[in-house]
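Novice: Sharing a structure here in structure tokens format.
The values are calculated or read from the model by the stated rules, or taken from the named source; none is laboratory data. The shown structure was predicted, so the numbers you read here are calculated from the model rather than taken from an experiment. A quick note on method: Cβ atoms are made from the backbone with ideal geometry, for glycine too, and the neighbour counts reach across all protein chains shown.
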Amino acid sequence: MLKIDAGNAKLRQIPVEEIDRNPENPRIFFRQGELDTLQESIRQHGVQVPISVFQKGRQYILIDGERRWRCALKLNLETIPALVQPEPDPLTNVLLMFNIHALREQWDLLTIAMKLPNVIALLAVQLRKVPTEAEISSRTGLNRSVIRRCKLLMDLPTKYREMLTAELKKPKTQQKLSEDFFIEMERSLRTVERILPGIVQDKNGVRDVLISKYKSEVIKDLVDLRYLPKIAKAEQVKFSLQKAEAALRKVFSPNSYSLQEAFEDTVAEAYSEKTLVSKLWAVIERLDEMTPDSLDEELSKALIALRKQIRALLGRSQ
Amino acid sequence: MSFRSLADGLRDTANHVITFLRVERGLKKVRVEEELVKGLPRPTLHVNTSEGEVICVEFSETDCYPPSLARFAEDFRAEELPVKIFIALPSTGQNKTSIAELARAKKQGIGVMLVGPAGKVTVLDEPISQLLTQLRRITMSDYPAKLRARLSQAESTFLSGNPPKGCSELYDLLEEITRRIVAAAISRGLWNGSPPNFDPKIESWYNVCSTAYTKMQFKNIGKLSPQIWASVLAITRHRNETGHSPTTLEKRRRRDLEMRTRFEHAADLLRDLIDNTRKFRY
């Protein structure tokens, strides 16, 4: 439970200049467009919802309302309405940030990922054990799939985290790489490594090639990365493993060979056949439940056409 | 430099602009997010020039005339402050800036800078002092075609930040026309008493106008009235005023406000003078 009682908070007008941002606020990227919109609203209607702060010495530290505070600074307001709360302990402070912001705003996942190790460390001290995913979820308000995605980003080498940070600083319209790209890439590469150990020998080299291909639109859509595990699972669809490995090696090399091409050159047909077989079994199961009386005209026509096709394919004898 | 309210993604761009102002424009004391006028929004960057002007720079990710900038400029115009505003955008080749937006920014006197990733700043448009942008523009169709190029030049000089020279260019036109009217009146004998013993083309403008005010037969010079002539006479005292460049924001504000009134008044007077002497060939 968070050890803070907002009921004890006092509403006051406090000088904008005496407020500092909270270093634990995981939201590190604020975009000018968002700030401009809020600024316009505050200009017209004032700060309608008080910010939350706690007092530390002569300054106030933000708990909630960094964007409102930044806009108040820009608009040169002298004071801003604020709920002044008692100073929280470090764990409560960081958990407050998560609970207040993550549930309400569209945070960049990386901003959460970068703060999560701190939360885990503080929770470990309090719980005297490494917190489980469920415990992290219940204390931060983040759902478990978000935590898992964050962990993938946290495990990225520094070089790629910095690359992503630089990208996220750009306006949304100008971002080429996204957190989703890295998450898809990491998931796919992990599966490939698990199924075909040894195929990814220089992982950073492979990452660089995939990033470069994505930037130059050789990889057109980030979901194309999902072809990688499918190719790696060639044996499951009875496709030549040797050919699949060759295609993966080619796709991991700096050239214009795309993931879609690699998929189509290898397992695409096998997967298509597999899908058809599973659909046929679903049809057979459904037909098994029917009686001749339950067939309407449309279904009867379709079954006759199907029978004709089956006979043409297999011959009358089978 | 310590930014607090500027979006994080624009801070590198802002630092490049600071370097540009220092190195290329010689403006050393660039202030970051500091108050310029109590009660008005804080410019992201501002710097005082030695001519008593203030140059402000605002930043945008994609648009060169976002609504927030329009409001920002309005605030400074409302206070009649001689503030020049630039908008700076990162030049990524993907921003949405269109010709229409550039035109809107230009119309409001906003200068536009593009900042490349390596910090190269390209100035697309220089800003106009927000105080001067409120100048009532000259309606060129009210004037004879042969004067329009010079009127346009005077207006452009005024708006580009040199109001005294802009006024002076307008006074040149007034002076030329009034001297020609007086010369024509003398040669046609439209003069009370003996003709003056000076050449109206080279005598001081004040002398020409003040003598004509008492001796010229106004009733024979189209619809020209002594009242209009008195207004011309009043302007002659400003004719050769060069003055010292104002050094503070307040002095600059007062000087530019006065210049704005003088420019508008001189343009109106020129039109009245031409309209009322249309049938009097000079």
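Novice: Any residue at all in the range A:106-122 that is within 14 Å of another protein chain (Cβ to nearest Cβ) and modelled with pLDDT of 90 or more? Even if it seems obvious, please write down each step before you answer.
Specialist: Taking the range A:106-122 and keeping what is within 14 Å of another protein chain (Cβ to nearest Cβ), we get A:107-108, A:110-111, A:114.
Retained after the next criterion (residues that are modelled with pLDDT of 90 or more): none.
Checked against the condition, which is being within 14 Å of another protein chain (Cβ to nearest Cβ) and modelled with pLDDT of 90 or more, the range A:106-122 yields no hits at all.
Novice: All but one of (1) assigned to a loop (DSSP other than H, G, I, E, B); (2) within 17 Å of B:ASP172 (Cα to Cα); (3) under 23 Å from the mean Cα position of the chain (by Cα) hold for B:LYS201; state the number of the condition that does not hold.
Specialist: Every listed condition holds for B:LYS201 apart from (3).
Novice: A further question follows. Can you tell which of B:PRO82, B:PRO90, B:PRO67, B:PRO43 is in contact with a strand residue (DSSP E or B) (Cβ under 9 Å, 6 or more places away or on another chain), farther than 14 Å from B:ASP125 by Cβ and within 9 Å of chain A (Cβ to nearest Cβ)?
Specialist: Numbers: B:PRO82 fails: within 9 Å of chain A (Cβ to nearest Cβ); B:PRO67 fails: in contact with a strand residue (DSSP E or B) (Cβ under 9 Å, 6 or more places away or on another chain); B:PRO43 fails: within 9 Å of chain A (Cβ to nearest Cβ).
Exactly one residue qualifies, and that residue is B:PRO90.
Novice: Taking only the range B:16-40 into account, find how many residues are assigned to a loop (DSSP other than H, G, I, E, B) and within 12 Å of another protein chain (Cβ to nearest Cβ). Outline the logic, then answer.
Specialist: Going through the range B:16-40, the residues assigned to a loop (DSSP other than H, G, I, E, B) turn out to be B:26-30, B:33-40.
Adding the requirement that they be within 12 Å of another protein chain (Cβ to nearest Cβ) leaves B:33-40.
So the answer is 8.
Novice: Given the criteria over 25 Å from the mean Cα position of the chain (by Cα) and part of a loop (DSSP other than H, G, I, E, B), does B:LEU6 qualify? Lay out the reasoning, then the answer.
Specialist: Values: over 25 Å from the mean Cα position of the chain (by Cα): yes; part of a loop (DSSP other than H, G, I, E, B): yes.
The answer is yes for B:LEU6.
Novice: Only one of B:PRO195, B:PRO164 is outside any loop (DSSP other than H, G, I, E, B) and at pLDDT below 90. Can you tell me which?
Specialist: Details: B:PRO195 fails: outside any loop (DSSP other than H, G, I, E, B).
It is B:PRO164.
Novice: Enumerate the pairs (first residue in the range A:201-213 and under 18 Å from A:ASP180 (Cα atoms); second residue anywhere and in a helix (DSSP H, G or I)) with beta-carbon separation below 7 Å, excluding pairs fewer than 6 apart on the same chain, so at least 6 apart or on different chains.
Specialist: From the range A:201-213, the pairs are A:VAL206/A:LEU189; A:ARG207/A:TYR160; A:ARG207/A:MET185; A:LEU210/A:MET185.
Novice: Name the one entry in B:LEU174, B:LEU224 that is closer than 30 Å to B:ARG252 by Cβ and buried (at least 16 other Cβ atoms within 10 Å of the Cβ).
Specialist: On the way: B:LEU224 fails: closer than 30 Å to B:ARG252 by Cβ.
Going through B:LEU174, B:LEU224 in turn, just one is closer than 30 Å to B:ARG252 by Cβ and buried (at least 16 other Cβ atoms within 10 Å of the Cβ): B:LEU174.
Novice: Just checking, how many residues over the range A:28-54 are in contact (Cβ under 8 Å) with a residue 40 or more places away in the chain and more than 10 Å from every other protein chain (Cβ to nearest Cβ)? Explain how you work it out, then say what you get.
Specialist: Here is the first cut: in the range A:28-54, the residues in contact (Cβ under 8 Å) with a residue 40 or more places away in the chain are A:28-33, A:52.
In the following step, the residues that additionally are more than 10 Å from every other protein chain (Cβ to nearest Cβ) were identified as A:52.
So the answer is 1.
Novice: Every residue in the range A:193-213 that is touching a Lys or Arg at 6+ places or on another chain (Cβ under 8 Å) and farther than 18 Å from A:LYS243 by Cα, please.
Specialist: A:ASN204
Here is a yes/no grid of residues against (1) outside the structural domain of A:ARG249 (by TED's automatic domain parsing); (2) surrounded by fewer than 10 Cβ atoms within 10 Å (Cβ to Cβ); (3) more than 33 Å from the chain's Cα centre (by Cα):
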residue	(1), (2), (3)
A:GLU261	no, no, no
A:LEU280	yes, no, yes
A:VAL283	yes, no, yes
A:ARG286	yes, yes, yes
A:GLU289	yes, yes, yes
A:ASP293	yes, yes, yes
A:LEU299	yes, no, yes
A:LYS308	yes, no, yes
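Novice: A follow-up question, please. Which pairs have Cβ atoms under 7 Å, sit 6 or more apart or on different chains, and link a residue in the range B:171-198 that is of a type in the set (Phe, Trp, Tyr) to one that is assigned to a helix (DSSP H, G or I)?
Specialist: Every condition considered, the pairs that remain are B:TYR171/B:ILE235; B:TYR171/B:ALA266; B:TRP191/B:ALA185; B:TRP191/B:LYS215; B:PHE198/B:ASN207.
Novice: Of the conditions (1) of a type outside the set (Phe, Trp, Tyr); (2) assigned by TED's automatic domain parsing to the domain that holds A:GLN236; (3) in contact with a helix residue (DSSP H, G or I) (Cβ under 9 Å, 6 or more places away or on another chain), A:LYS169 clears all except one; give me its number.
Specialist: If we test A:LYS169 against (1) of a type outside the set (Phe, Trp, Tyr); (2) assigned by TED's automatic domain parsing to the domain that holds A:GLN236; (3) in contact with a helix residue (DSSP H, G or I) (Cβ under 9 Å, 6 or more places away or on another chain), just (2) comes out false.
Novice: Do we find a residue being free of Cβ contacts under 8 Å to residues at least 60 places away in the same chain, in contact with a Lys or Arg (Cβ under 8 Å, 6 or more places away or on another chain) and within 14 Å of chain A (Cβ to nearest Cβ) anywhere in the range B:46-60?
Specialist: We begin by selecting, within the range B:46-60, every residue free of Cβ contacts under 8 Å to residues at least 60 places away in the same chain; these are B:46-47, B:49, B:56-60.
Checking the rest, the ones that are also in contact with a Lys or Arg (Cβ under 8 Å, 6 or more places away or on another chain) come to B:46-47, B:56.
Still in the list and also within 14 Å of chain A (Cβ to nearest Cβ): B:46, B:56.
Yes - at least one qualifying residue is present in the range B:46-60.
Novice: Among the listed residues B:PRO127, B:PRO163, identify the single one that is of a type outside the set (Ser, Thr, Tyr) and within 11 Å of the chain's Cα centre (by Cα). Show your work before the answer.
Specialist: Details: B:PRO127 fails: within 11 Å of the chain's Cα centre (by Cα).
Residue meeting the stated conditions: B:PRO163.
Novice: Please pick out the residue among A:GLU179, A:GLU184 that is modelled with pLDDT of 90 or more and closer than 23 Å to A:ILE100 by Cβ.
Specialist: One residue alone meets the criteria, A:GLU179.
Novice: For the structure I just gave you, tell me whether B:GLY161 is more than 30 Å from B:SER129 (Cα to Cα), assigned by TED's automatic domain parsing to the domain that holds B:GLU264 and either touching a residue at least 24 places away in the same chain (Cβ under 8 Å) or not aliphatic (A, V, I, L, M) (or both). Break it down into steps so the answer makes sense when it comes.
Specialist: Numbers: more than 30 Å from B:SER129 (Cα to Cα): no; assigned by TED's automatic domain parsing to the domain that holds B:GLU264: yes; either touching a residue at least 24 places away in the same chain (Cβ under 8 Å) or not aliphatic (A, V, I, L, M) (or both): yes.
Against the criterion (more than 30 Å from B:SER129 (Cα to Cα), assigned by TED's automatic domain parsing to the domain that holds B:GLU264 and either touching a residue at least 24 places away in the same chain (Cβ under 8 Å) or not aliphatic (A, V, I, L, M) (or both)), B:GLY161 does not qualify.
Novice: Among the candidates A:LEU152, A:LEU168, A:LEU156, which residue alone is within 14 Å of chain B (Cβ to nearest Cβ), within 29 Å of B:ASP8 (Cα to Cα) and buried (at least 16 other Cβ atoms within 10 Å of the Cβ)?
Specialist: Details: A:LEU152 fails: within 14 Å of chain B (Cβ to nearest Cβ); A:LEU156 fails: within 14 Å of chain B (Cβ to nearest Cβ).
The match here is A:LEU168.
Novice: Pairs needed: first member in the range A:224-237, farther than 12 Å from A:ARG187 by Cβ; second member anywhere, of a type in the set (Phe, Trp, Tyr); C-beta distance under 7 Å; at least 6 residues apart or different chains.
Specialist: Qualifying pairs under 7 Å: A:TYR227/A:PHE263; A:LYS230/A:PHE263; A:LYS230/A:TYR271; A:ILE231/A:PHE263; A:VAL237/A:TYR271.
Novice: Also, I was wondering about something else. Based on what the data block shows, is B:SER50 farther than 20 Å from B:LEU131 by Cα and among the hydroxyl-bearing types (Ser, Thr, Tyr)?
Specialist: On the way: farther than 20 Å from B:LEU131 by Cα: no; among the hydroxyl-bearing types (Ser, Thr, Tyr): yes.
No.
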